[in-house]
Amino acid sequence: MKVLHIINSLQTGGAEKLIVDSVPIYQSKGIDTDVILLKKSTTDFYTKLENTSTGKLFSLSTGSVYSPLLIFKIIPFLKNYDLVHVHLFPSSYWVVLAKMLSFSKIKIIYTEHSTNNRRRENKFFQIIDKIIYKYFEDIICITQGAKEKLEQHIGTNYPISVINNGIVVKDFYQTKTKEIQKNSTKKEFTLIQVSSFRGAKDQATVIKSLTHLEDKVKLVLVGTGQKIEDCKKLVSELNLQNRVSFLGNRYDIPYLLANSDVVILSSNFEGFGLSIVEGMAANKPCIASDIEGIREIVSGFGLLFEKGNSKHLSEIILELYQNQEFYTKIANQCFTRANDFDIEKMVDDYIKIYNNRT
């Protein structure tokens with residue numbers, strides 16, 4: 001079986017990391033797998049996939065992923081594969097239009113990675129989405145919450161199912177065991193959030209939570225994006241420059257998690273929250289916004305706070321900081337939960353879908 005994955009790029013992000021981690025596993029299980037990027041991005045993700053994949057890695061341009069000319073660059077590939085597995089917008093649109101224009105019979109699998117996007121706020125795009133999604137043989141949502149939100153947007157007359165995202169659990173726990181002894185005597189209590197700085201995320205609430213906590217509590221923010229300058233300004237306004245670190249994009253996330261005490265994911269909306277599962281795999285207590293997408297991952301294992309409520313968040317952090325027994329209990333519960341999201345299980349579930357469509 002020959003499968004072609006198509007995604008916008010290999011910049012940072014949950015969908016991008018999923019490609020990097022899963023493609024070599026598909027290949028090890030006998031699926032002939034190649035990858036197309038709409039835009040070449042020479043990142044650590046790109047280099048890692050280049051080094052670990054036994055398949056081909058194509059880049060269609062160095063320009064905008066929104067260029068319609070990409071449709072015509074996709075068309076020649078369609079005749080060479082049994083399935084296309086597409087991720088993210090606008091890759092989803094361009095692949096469907098390439099199929100339509102070339103009269104290709106290829107089957108398309110689409111993974112819905114988010115519970116929300118700007119298109120869903122526009123009635124015109126709702127109509128277009130309903131047409132585009134009809135061309136997908138299977139639509140896989142990464143959480144039940146993402147499925148419910150998608151069905152509200154396009155209706156229920158589509159082949160929609162749920163497969164949770166997966167991670168390489170051992171990468172995070174093994175790193176943790178290497179680092180714990182070195183950091184066992186540190187006096188600071190470090191919070192970490194790994195996420196891009198964009199509308200879906202809410203680093204501002206985590207920053208504000210520090211104003212309710214003593215100075216030993218520090219915050220590390222990993223990622224980049226258009227909202228980062230707003231967050232830096234907020235840190236300055238609150239006089240928290242000595243307590244908040246902005247690390248930019250990093251690819252040594254297991255190491256950073258190992259050297260932190262609590263993992264937080266403060267979001268306005270979320271498809272899955274891969275970074276919170278990585279925190280769980282690192283055997284850290286994890287705190288997340290009580291919203292669809294994350295709630296079903298964290299509830300009963302980690303801790304949830306009211307979206308946008310910095311005081312509520314600070315109270316949860318304080319309990320973890322002051323109560324070692326509670327800290328250990330939540331950390332162990334989170335690690336137990338992480339094992340439900342091992343990437344091998346995810347790949348096996350997708351292969352079942354591939355086999356049903358070929």
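Skipping prolines and chain starts, which residues have an amide H placed within reach, meaning under 5 Å, of the one on SER245, given they are 5 or more residues away or on another chain? The answer is LEU219, VAL220, LEU221. Any idea which of GLN11, ASN309, CYS231 is furthest toward the positive side of the dipole for the chain, if Lys and Arg beta-carbons carry +1 and Asp and Glu beta-carbons -1? Most positive-ward Cα: GLN11. Structure remark: mean-square fluctuation, Gaussian network model of the chain, C-alpha springs under 10 Å; the largest value among ILE36, ILE142, ILE132 belongs to ILE132.
In summary, segment 1-55 shows an alpha-carbon radius of gyration equal to 1.02 times the 2.2 N^0.38 Å reference for compact globular proteins. Summed over the residues of the chain and divided among them, the accessible surface reaches 44 Å² per residue at a probe radius of 1.4 Å. For LYS307, a cut-off of 19 angstrom between C-alpha atoms picks up these lysines, skipping any fewer than 8 places away in its own chain: LYS149, LYS201, LYS208, LYS227. Each residue was assigned an accessible area with a 1.4 Å probe, and for PHE269 the value is about 60 Å².
With distances taken between every two different alpha-carbon atoms, segment 181-292 has a Kirkwood hydrodynamic radius of 14.2 Å.
Comparing GLN27, GLN144, GLN324, which has the greatest mean-square fluctuation in the GNM of the chain with Cα pairs linked when under 10 Å apart? So, out of GLN27, GLN144, GLN324, the one fluctuating most is GLN324.
From largest accessible area down, sort ASP34, ASP230; use a 1.4 Å probe on the protein chains. Can you show the working numbers first?
Values: ASP34 10, ASP230 95 Å².
Order by accessible area, largest first: ASP230, ASP34.
Take segment 245-286, drop everything but the C-alpha atoms, weight them equally and run the Debye formula without solvent; then report log10 I(q)/I(0) at 0.20, 0.25, 0.34 Å⁻¹ to two decimals. Each listed q maps to, in turn, -0.65, -0.97, -1.25.
Solvent-accessible area of LYS170, all protein chains in place: 120 Å² (probe radius 1.4 Å, heavy atoms, ligands and nucleic acids excluded).
For GLU296, GLU270, the ranking by accessible surface with the largest value first comes to GLU296, GLU270, using a 1.4 Å probe.
As a test of the formula, what do you get for the chain when each DSSP H run with n ≥ 4 contributes -39,500 (n - 2.57) and the sum is divided by the residue count, at 222 nm and rounded to the nearest 500 deg cm²/dmol?
Working: 15 runs with 151 residues, N = 358.
Helix-only estimate at 222 nm: -12500 deg cm²/dmol.
Averaging over all projection directions, the Cα-based convex hull of the chain occupies 17.5 nm² in the image plane.
Each Cα pair under 8 Å and six or more residues apart adds its sequence gap; the mean of these over the residue count of the chain is a relative contact order of 15 percent. Working note: Karplus 6.51/-1.76/1.60 with θ = phi - 60° gives segment 247-255 the couplings 9, x, 6, 9, 10, 9, 4, x, 5 Hz, where Gly and Pro are set to x. Between ILE140, ILE207, ILE127, the residue with the greatest mean-square fluctuation in the GNM of the chain (Cα pairs under 10 Å linked by springs) is ILE127.
The values are calculated or read from the model by the stated rules, or taken from the named source; none is laboratory data. All figures in this text were calculated on a predicted structure; none of them were measured in a lab. FYI the Cβ positions are ideal-geometry reconstructions off the backbone, even for glycines, and counts take in every protein chain you see. Surface areas here come from the heavy atoms of the whole protein model, side chains and all, with no ligands, DNA or RNA. Shrake-Rupley method; radii C 1.70, N 1.55, O 1.52, S 1.80 Å.
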